[in-house]
Amino acid sequence: MAALRDLSRDQAGGNDELDAVEQARRHLVQPWPYAGSVGEEARALIGEGDGIYITDSTGQRLIDGPAGMWCINIGHRREELARVMYDQAMQLCYNTPWYTMNAPSAELAERIASHAPGDLNHVFYTTGGSSAVETALRFMQFYNNVRGRPEKKLILSRGGAYHGSTYLSASLNGRPRDRDWMDGADELVVKMTSPDPFRRPKDMTSEAFSDFLVEEFSATVARVGAERIGAFVGEPVQASGGVIIPPDNYLQRIREICRANEILYVSDEVVTAFGRLGHVFASGQVFGLDPDMITFAKGVTSGYFPLGGVVISERLLQDLRRSNHPDALFGHGLTYTSHPIGCAVALKNLDILEDGVLAHARNVAPYFQAQLKTLEDLPLVGEVRGIGLMACVECVADRESKNPLQLDKNVGARIDAHCHELGLLVRPLINMCVMSPPLTISREQIDDMVSILREGISRTMDDLRKEGVWQG
């Protein structure tokens, strides 16, 4: 995205900005850096946010197309959230979760449980999505140890998945560039095909593709052995994989296989929860699932404070309480587990979501998807896909082969660079552009966003033609 482009001194808007750029180059290690620039990189400096907009260091106002990182769900500069942070800090800024508790965390747990599907009635808090997934997996290990099944620890994941940056959660990731130079717990993870209908074989129907995925899953369980598999972790929509929406009924069929083989189904809703698909949780309301655990983060506080968590099935906790190992210790927790400020912010954020934002998101989503779909008339665009208020524009060298590899690998970044100049921040993923704006976006603002994106793609097509990279 534009935030990944290097800033030169003459791009900064004043002394403070110049200082920040130089300070970053000298001292700040950015996330996801390349070895050739690690520790010497400054990225696009953002100074302000307001509603669906951010302002960069040049003073240019931009639509925040990715909503930060899928998370600024109620928009920037919501004074009520800022006041909650202040009020809670003045009352209680922190308490150790090891042997004390606070009221906001208990109230929030009840509120979250009321929205969760099935018997998911209990919440364990973390500091973000990676630690939420890590917690779910550690709980699975503990659960099987207590139940006398220490061999039942393998984890099923899929191509295209993104589940985090901690060691175990990152081991589940299914995007090659995430793991090219990084180690992982490969002995614990079994990966299967991405449920991407756009990339299915040319002569295969969507229904047949769903059958293939389910049969692959069933065959994997049979080959590896259900007695060795502890969990399946899957996003309802593969977000960072390019907004991959699985075929109809695929997830429900996978859930049934998991249930029949006592494989814990972990629905990773770090992106899709808290309004992105118009509901607090998408697993039940959108996909008809009742998982054993749901992970969440990002939108729970709309990005105003780091918070995440896992919602856990009542049945799993009852199994532990009924075991003959009552003294077994789940030795897992974080310094900031159940942070009172984070939980207070999440409560207020949930109030705002329930007081019209969720309904607005459901109402405006069809228009958002329809307007973005019009971009498919551009020859560089292979597919526009999405659900709720998340979407992906995938660019291809030609629509017949759907081959992205013949394109410049930075085509998404090229589009984003043009869009940045025109007033829109995009999240580029190699040959894709992902859009997930704040849920408060209006139809008129959607029109602006799509218009800018159209022009950014058109300018990129002109660039590629001039350079002889693409002849479309």
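Partner lysines whose Cα lies under 19 Å from the Cα of Lys373, excluding those fewer than 8 positions away in the same chain, are identified as Lys402. For Gly51, the amide hydrogen comes within under 5 Å of the amide hydrogens of His76, Arg77, counting only partners 5 or more places away or on other chains and with H modelled in the peptide plane. The aspartates and glutamates within cross-link reach of Lys202, meaning a Cα-to-Cα straight distance under 13 Å and a gap of 8 or more places when in the same chain, are Glu400.
Quickly estimate the mean residue ellipticity at 222 nm for the chain, helices only: each DSSP H run with n ≥ 4 gives -39500 (n - 2.57), and the total goes over all residues, rounded to 500.
Values: 15 runs with 177 residues, N = 472.
Helix contribution divided over all residues of the chain: -11500 deg cm²/dmol.
Dipole check for the range 365-434: with +1 at the C-beta of Lys and Arg, -1 at the C-beta of Asp and Glu, and the Cα centre as origin, the magnitude is about 180 Debye.
Modelled spin labels at Ala359 and Glu207, positioned 7 Å past Cα toward Cβ, are 3.8 nm from each other.
Bridgeable aspartates and glutamates around Lys466 (alpha carbons under 18 Å apart, same-chain partners fewer than 8 residues away excluded): Asp398, Asp408, Glu455. Here is the list for the range 318-424: GluC sites (Glu not before Pro) lying in DSSP coil, each with at most 10 other C-beta atoms within 10 angstrom of its C-beta, are Glu400. Note on Lys153, Lys409, Lys202: ascending count of other Cβ atoms within 10 Å places them as Lys202, Lys409, Lys153, the fewest first. Here the peptides 154-163, 186-195 are ranked by packing, the mean other Cβ count within 10 Å, and the order with the highest first is 154-163, 186-195.
Between the C-alpha center of the range 60-135 and that of the range 210-241 there is a gap of 30 Å.
Ranking of Tyr34, Tyr99, Tyr367 by neighbouring Cβ atoms within 10 Å, starting from the fewest: Tyr99, Tyr34, Tyr367.
By the count of neighbouring beta-carbon atoms within 10 Å, fewest first, Thr127, Thr460, Thr374 end up ordered Thr374, Thr127, Thr460. Basic side chains Lys and Arg get +1 at the Cβ, acidic Asp and Glu get -1 at the Cβ, and with that the dipole of the chain about its Cα centre reaches some 840 debye. Bridge orientation summary for the chain: considering DSSP beta bridges with both residues in this region, about 65 percent are antiparallel.
All of the numbers you see were taken from the coordinates with simple rules; none came from a lab. The shown structure was predicted, so the numbers you read here are calculated from the model rather than taken from an experiment. Cβ coordinates were reconstructed from backbone atoms using ideal geometry, including for glycine residues, and neighbour counts include every protein chain displayed.
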